[in-house]
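Rule-based calculations on the coordinates, nothing more; no lab input. Note that the structure is predicted; figures quoted are calculated from it, not measured. Here the Cβ positions follow ideal geometry from the backbone for every residue, glycine too, while neighbour counts run over all protein chains shown.
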Ligand SMILES: [Zn+2]
Ligand SMILES: [Zn+2]
């Protein structure tokens with residue numbers, strides 16, 4: 001399994017010389033199995049470059065949306081496979097409590113916000129509504145679960161053979177966990193991340209920045225390290241970087257976070273273009 | 001213990017900062033949590049009570065009507081909310097485990113999450129000092 005980061009930023013794309021190393025595009029991650037099956041996690045602005053490098057010969061791609069906040073769908077209309085007539089594109093994502101997935105997507109993919117209507121895309125498009133639960137895509141075993149973030153938001157656990165990764169790009173641990181040290185049954189997302197090789201997790205704030213942002217749906221760097229350590233994760237990747245955090249700031253935050261990690265837990269920060277290879281057979 | 005649904009975790013989080021007594025159960029009726037204000041009315045700390053099945057919590061507090069006649073479990077608002085999946089209101093007497101008789105008023109409602117997932121039910125209640 002190979003995991004490639006195409007967009008790291010939360011809330012708003014923030015390109016510029018100060019964010020060039022970690023990247024300015026919003027959330028998008030590619031997960032590729034050894035047999036070539038491709039999953040795309042979220043459709044932030046990073047999905048545009050990913051779409052361009054997917055070969056036209058690829059018959060199918062599955063896009064798993066965590067939720068429908070703008071920073072996770074803004075690149076969708078610019079995902080090249082949507083305009084390929086022979087491409088089978090399946091979009092998996094959550095409904096809201098009152099609208100189905102199609103109605104929610106059309107709010108963005110229709111005029112006046114976007115010139116092309118969802119029904120006019122050239123690809124063979126299938127929408128798969130999910131609100132948690134298990135499904136298989138090729139060699140991938142996918143577990144999805146609702147996590148603590150405003151609106152309906154899914155986290156994903158993806159396994160292929162012995163390899164496992166989890167993706168919780170927007171997740172507020174402070175509200176979602178009764179206690180990070182207490183019974184794991186009362187910690188949002190715990191079963192999704194338990195023991196994974198790589199966890200890509202929201203770490204938008206420092207502890208100081210969280211003050212005044214309770215309920216905004218995001219976690220702090222130190223909480224993410226505690227959560228990952230508690231769940232037996234091997235490598236936690238800090239993700240959904242604040243648009244206000246430039247490269248120098250992120251260097252400092254990840255160094256501080258890494259000092260909190262117990263032996264056996266690696267802490268890094270997501271940077272555009274970084275790839276993680278996880279062995280499917282051991 | 002399986003992971004609780006996010007709606008249940010968030011309900012507990014809300015209950016933990018409410019001054020109103022709150023009692024939270026899963027779809028099978030198993031008590032998952034009651035908050036500190038509820039501890040005062042029920043006469044027991046949640047840490048001591050722990051999780052318990054509906055058969056136990058619906059009887060140990062000896063719910064009864066004004067004439068002292070025991071109420072069957074299926075008539076309790078929280079059990080109605082669970083079994084019929086609708087909000088219910090009622091009032092009755094209970095014996096707290098501190099051996100104090102209290103008249104309480106209860107509003108119970110099902111917790112139904114996105115995609116119509118029935119994930120549990122909650123009762124909020126008040127001790128009625130009026131009688
Ligand atoms: Zn986001
Ligand atoms: Zn979000």
Within chain A, helix-based [θ] at 222 nm, where runs of 4 or more DSSP H residues each add -39,500 (n - 2.57), nearest 500: -4500 deg cm²/dmol
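Tell me the relative contact order for chain A as a rounded percent, counting alpha carbon contacts under 8 Å between residues six or more apart. Don't skip to the answer; put the middle values down first.
Details: 703 pairs, mean separation 53.0, N = 282.
Relative contact order comes out at 19 percent.
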222 nm mean residue ellipticity, helices alone, for chain B (DSSP H n ≥ 4; -39,500 (n - 2.57); rounded to 500): -7500 deg cm²/dmol
Euclidean distance of C-alpha centroids, region A:1-36 and region B:88-131, integer Å: 48 Å
Rg/Rh ratio calculated on Cα atoms of region B:6-127 (Kirkwood radius): 0.94
Rounded Å value of the spacing that divides the Cα centres of region B:1-72 and region A:149-181: 28 Å
Mean Cβ neighbour count within 10 Å, used as a protection proxy, ranking A:170-182, A:206-218 highest first: A:170-182, A:206-218
Between 0 and 90°, nearest 10: helix B:6-16 axis offset from chain B longest Cα axis: 40 degrees
Crossing angle, helix A:247-259 versus chain A [Cα axis fit, 0-90 degrees, rounded to tens]: 50 degrees
Whole-number Å³ per residue for the convex hull built on Cα positions in the protein assembly as shown: 156 Å³
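Based on the alpha-carbon gyration tensor of region A:103-182 and its eigenvalue square roots a ≥ b ≥ c, which shape applies: rounded if a/c is under 1.5, prolate if not and a/b is larger than b/c, or oblate?
On the way: a/c = 3.23, a/b = 1.45, b/c = 2.22.
Note, shape of region A:103-182 comes out oblate.
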Between helix A:221-230 and chain A: long-axis angle, C-alpha atoms, 0 to 90°, nearest 10: 90 degrees
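Enter the mean number of other protein chain beta carbons within 10 Å of the beta carbon of each residue in B:107-119, as an integer. Please list the in-between numbers first.
On the way: counts 0, 0, 0, 0, 0, 1, 5, 11, 12, 3, 4, 0, 1.
Shielding by partners across B:107-119 averages 3.
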Orientation-averaged projected area, Cα convex hull of region A:188-280 (nm²): 6.4 nm²
Antiparallel bridge percentage (DSSP; both residues within chain A; nearest 5): 50 percent
